[in-house]
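The values are calculated or read from the model by the stated rules, or taken from the named source; none is laboratory data. Because the structure is predicted, anything quoted here is derived from the model rather than measured. Cβ atoms come from the backbone with ideal geometry, glycine included; neighbour counts cover every protein chain shown.
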Amino acid sequence: MKKEKNKSDVSTLLNYAGKYKVLTFLGLFLSAAAMVLGMAPYICIWLAARDLIAVAPNWSEATEISKYGWLAFIFAFGGIIVYFCALMCTHLAAFRTATNIRKQGIEHLMRTPLGFFDNNASGLLRNRLDNGANETETLLAHNLADIVGTAALFIGMIVLMFVFDWRMGLACLLSAVISVAAMFTMMGGKNAKLMMEYQAAQDVMSKAGTEYVRGIPVVKVFQQTVYSFKAFKTAIDDYSTKAQKYTDGVCRVPQSINLTFTEGAFIFLVPAVLLMAPAALKNGDFSEFITDFTFYAVFSAIVSTALARIMFAASGTMLAKTALARINTVMDAPTLEVTKNPQMPGDNSVEFRDVTFKYDGAENPALSHVSFKAESGQTIALVGPSGGGKTTAACLIPRFWDVSSGEVLVGGVNVKNTDPHVLMDKVAFVFQNTRLFKTSILENVRAARPDATREEVTAALHAARCDDIIEKLPDGIDTVIGTKGTYLSGGEQQRVSLARAILKDAPIIVLDEATAFADPENEALIQKALKTLTKDRTVIMIAHRLSTVAGADNIIVLENGKVVEEGTHKTLSVGGGLYARMWKEYNQAVNWKIASGKEDA
């Protein structure tokens, strides 16, 4: 749900509440009622003071005092109960709203291109969505009720202040005016922008922190410190600078003034009373004057309560505004367009027709006018120097990104005109950076097809040459990876990921450096597993080890995002072009060995 123009932040948040929005409004009404009930005991105090002063010193003649006391208790207790009910309503609505924000955020991210996550760290996305939702809970559960309740309190307070003696009322109100002005200085105008910058710096620090934790092994290997991780240190310094600038440069003086006048509302009442007392004595209404003074002396305490509520609510509203801005960055993430009239692929062929693709913010296209075709059952290899566009081309097949121009076709149908679920069912992936979940081997493999039986998972693991892995694990395929010292090597993880692809049984396979991080033993097993996986399937293979692509039906050589050569290994290896040079260099690298000092001599 994107934020609509001309809608307030509160309206946008309430749209997430759905049918629970009614509870929010009910809670706001009850909060206002509770504040009004909370002021009634002050009137009872004034009535009791009036009767006592009128009969002084014969206190026993004040027969209504007990009644006023019970009324004050009933109103106070009733206000507490009503306020409790108000918070119950707002909390239920707030929790549902936060839940809906998370659900809709996840649903939205599920519709974004998978390539979106390459440029947006998972830690940053989680921080924006989850923490943003938490901060909106405070606004909807407490701040809104306090804002409405405080508004009702202020209206009632102003009425009561001017009912008995407008001069004393004005003296009590003066501290509130000064306090509100101080709060506006902290949170209004250009200082609101500083708060936004502070929140943005917190986001950046969270992202850099996640990246630093992931890079700790590298930092430790090279005996570096946190200061060597410049991005993290810069983020911390920037956050520290902005936090200090806002607290010391903006909040220190206004907050001191605010607290002074909030807690000292009574100080304005004393000089006002001293100035008014002689006239009251002269006019003979001193007892009424003392009664009014008693009321305002007690009632001045409510000023600090009201102002504290305002500040709490205002700070919560500001935080919610920044939180909603962060949530909207997730909700505004681009989504894949889904055709209303999907077409079914006719076969398992893959074709690129004059494809050009450019990453957002990049100066040059990653692919430029690329065309090739893999017929059903064929194996096509994409080779070339690093940065040539091989992985980018592979990612366009399952729509990790959409092409800038041209067409990618699967089964003769443009992938944009294919139902995304159908497309994902037709394609299986094995990437060089394998990621296994912290769960059992069984569930890791079953992620490819959740309805698969235990026997089917076992068969897939066997086909992926994982028998030796399962045998050494304490609980076999039920062993949870990452617990009690149970970890797999890079090559072993790759074989488990191959089992996933085998279980999926997709007709089109995309292999991106499937043996990149495997040792010779694991590589041999992976190669055998790949033969099982790729049999009778359309295969798009990316490899730097040219020996693995020598048997491909067709080899596409990419350089700087363009197709510079195309053909079989036999043709290209003697063609004198880029592939021939790469093949020569590959063989030299394979035969390279460390020479001893004596041999050099």
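Considering segment 460-475, and only residues there that are in a helix (DSSP H, G or I) and not acidic (Asp, Glu), the residue that is nearest to LYS531 (Cα to Cα) turns out to be ALA463. Listed conditions (1) surrounded by fewer than 18 Cβ atoms within 10 Å (Cβ to Cβ); (2) assigned to a helix (DSSP H, G or I) are all met by ASP451, apart from (2). The condition (being modelled with pLDDT of 75 or more and exposed (fewer than 15 other Cβ atoms within 10 Å of the Cβ)) is satisfied by just one residue among ILE106, ILE101: ILE106.
When you look at ARG111, is it in the same structural domain as TYR296 (by TED's automatic domain parsing) and touching a helix residue (DSSP H, G or I) at 6+ places or on another chain (Cβ under 8 Å), yes or no? It is false that ARG111 is in the same structural domain as TYR296 (by TED's automatic domain parsing) and touching a helix residue (DSSP H, G or I) at 6+ places or on another chain (Cβ under 8 Å).
Given the residues SER368, SER386, which is the only one that is surrounded by fewer than 19 Cβ atoms within 10 Å (Cβ to Cβ) and either part of a strand (DSSP E or B) or at pLDDT below 90 (or both)? Criteria check complete, one pass: SER386.
Annotation note: Cβ proximity below 9 Å between a residue of segment 544-557 that is within 17 Å of GLN378 (Cα to Cα) and modelled with pLDDT of 80 or more and a residue that is basic (Lys, Arg) and surrounded by fewer than 20 Cβ atoms within 10 Å (Cβ to Cβ) (sequence gap 6+ or interchain) occurs for ALA550/LYS570; ASN554/LYS373. Set side by side, the residues ARG454, ARG465 differ, and just one is touching a residue at least 60 places away in the same chain (Cβ under 8 Å) and among the basic types (Lys, Arg), which is ARG465. For segment 527-569, the candidate set comprises residues that are assigned to a strand (DSSP E or B) and more than 41 Å from the chain's Cα centre (by Cα); within that set, the residue that is farthest from GLU585 (Cα to Cα) is ASN554. When restricted to residues that are closer than 15 Å to ILE43 by Cα and not in a loop (DSSP other than H, G, I, E, B), segment 54-76 contains 12.
When you check VAL427 against the structure, is it within 17 Å of ILE526 (Cα to Cα) and either of a type in the set (A, V, I, L, M, F, W, C) or assigned by TED's automatic domain parsing to the domain that holds LEU511 (or both), yes or no? So VAL427 does not fit the description; no. A residue that is part of a strand (DSSP E or B) and within 31 Å of the chain's Cα centre (by Cα) occurs somewhere in segment 351-358. Here the condition is being modelled with pLDDT of 90 or more and either surrounded by 15 or more Cβ atoms within 10 Å (Cβ to Cβ) or over 28 Å from ILE540 (Cβ atoms) (or both); of THR458, THR439, THR434, it holds for THR458 alone. Within segment 398-418, the set of residues being out of contact with any Phe, Trp or Tyr (no Cβ under 9 Å at 6 or more places or on another chain) and part of a loop (DSSP other than H, G, I, E, B) comprises ARG399, GLY411, GLY412, THR418.
When segment 138-162 is limited to residues that are touching a helix residue (DSSP H, G or I) at 6+ places or on another chain (Cβ under 8 Å) and either without any contact (Cβ under 8 Å) to a residue 60 or more places away in the chain or outside any helix (DSSP H, G or I) (or both), the one that is surrounded by the most Cβ atoms within 10 Å (Cβ to Cβ) turns out to be ALA141.
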